[in-house]
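The values are calculated or read from the model by the stated rules, or taken from the named source; none is laboratory data. Note that this is a predicted model, so its numbers are computed, not measured. Because the Cβ atoms are built from the backbone with ideal geometry, glycine has one as well, and the counts that use them run over all protein chains shown. SASA here: full protein model, heavy atoms, side chains in, ligands and nucleic acids out. Shrake-Rupley method; radii C 1.70, N 1.55, O 1.52, S 1.80 Å.
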Amino acid sequence: MASTRDIRRRIKSVKNTAQITKAMQMVAASKMRKAQQSALAGRPYASLMNEVLAEVVFYAGDFTHPLMEKREVKKRAVVIISTDKGLCGGLNSNLLREAAKFDKDTTIYVTAGRKASQFVARTKRQLAAEFTYKDAPLFGEARAISKFAREMFSKGEVDSVDILFTNFISTLTQRPDALQLLPVGEIKGVTAGVHGHEQSEKLMKGGMEFLFEPSADQVLGELLPHYLNFQVYQILLEAKASEHSALMVAIKNATDNANQLIKDLTLEYNKLRQANITKELLEIASAQMGMG
């Protein structure tokens, strides 16, 4: 049976752990808010880009482009957007469980995040490239990932490129999603919000008429790479919002468990201390009766 000294030491240790997890929770909450604000700030740009693309698609007519070429899928590339660190509950395990569903022999992987790279190495899958991105994702980081995917597709190294990431639904809910990045099918607009919106929406032509120089086909050809860049950028923002939300919830649960453990240990300590006091009183009373 543990002594009162052992219980006091354990209470002190758990209190120190609770202080650390409480601080981590506050940091994660701050980063989560920043990630959501960054995603929301992209809404006006995304809306304008959608409108322009809708008009260009309408006027381009039967438009063809190397990035829209549909081929028989003999080799597939999968871009996995994961986190660098753990402590995110089941976020990474759910994401990598979806990644494991792709055929190992016909799939090559591009990773962004250390956890995805470790998964590819551990399962002995083919890794084509490894990228990193910051807590506040930069457009240049998304552009590098998108450019590498476009080059693989354009050179014929792969016939299809999918991107696998964790979609932010709410603070308590994150869902692994897979989108086809290449070939570009029906032009869709990326929704910039992170509060449970769909990742893409059908573009609708507006009522205004536009004149494109030099031509709608050439304008659309220039816009397609930027469309893919922005889509990857929005996905990075989604992934970061999901990561910090899952981290905050996991750390909050750890803090709550530590506080509950402190209460249980304090109760056990008080019971043991009271039992020792009662035992000492009984020994004193027995000694006095023996001497009397």
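On the beta carbon distance between residue 226 and residue 172, with R0 = 35 Å, the FRET formula returns roughly 0.55.
When only alpha carbons are used to place a centre, segment 217-254 and segment 65-140 end up 14 Å from one another. Near the amide H of residue 131, within less than 5 Å, lie the amide hydrogens of 111, 112, 113, all on another chain or at least 5 residues away, with H placed in the peptide plane.
Can you give the FRET efficiency for residue 267 and residue 87, using 1/(1 + (r/R0)^6), R0 = 35 Å, r = Cβ-Cβ distance, to the nearest 0.05? Between residue 267 and residue 87 the formula returns 0.75.
Go through segment 112-173 and name the GluC sites (Glu not before Pro) that are in a DSSP coil and have 16 or fewer other Cβ atoms within 10 Å of their Cβ. Passing sites in segment 112-173 are 157. Full extension of the chain segment joining residue 274 with residue 15 gains 91.0 nm, where the gain is 0.36 nm per residue of separation less the Cα-Cα distance.
With the convex hull of the Cα atoms taken as the outline of segment 98-150, the averaged projected area works out to 4.0 nm². As a calculated quantity, the FRET efficiency between residue 257 and residue 285 at R0 = 41 Å, using C-beta atoms, amounts to about 0.45. Qualifying trypsin sites (Lys or Arg not before Pro) in segment 77-133, where qualification requires a DSSP coil assignment and no more than 12 other C-beta atoms within 10 Å, comprise 85, 101, 104, 124. These residues, 152, 291, go from largest to smallest accessible area, 1.4 Å probe, as 291, 152.
Rounded to the nearest whole Hz, the Karplus-based 3J(HN,Hα) values (6.51 cos²θ - 1.76 cosθ + 1.60, θ = phi - 60°) of segment 258-269 follow the sequence 5, 5, 5, 5, 4, 4, 5, 5, 5, 5, 4, 5, with x at glycine and proline.
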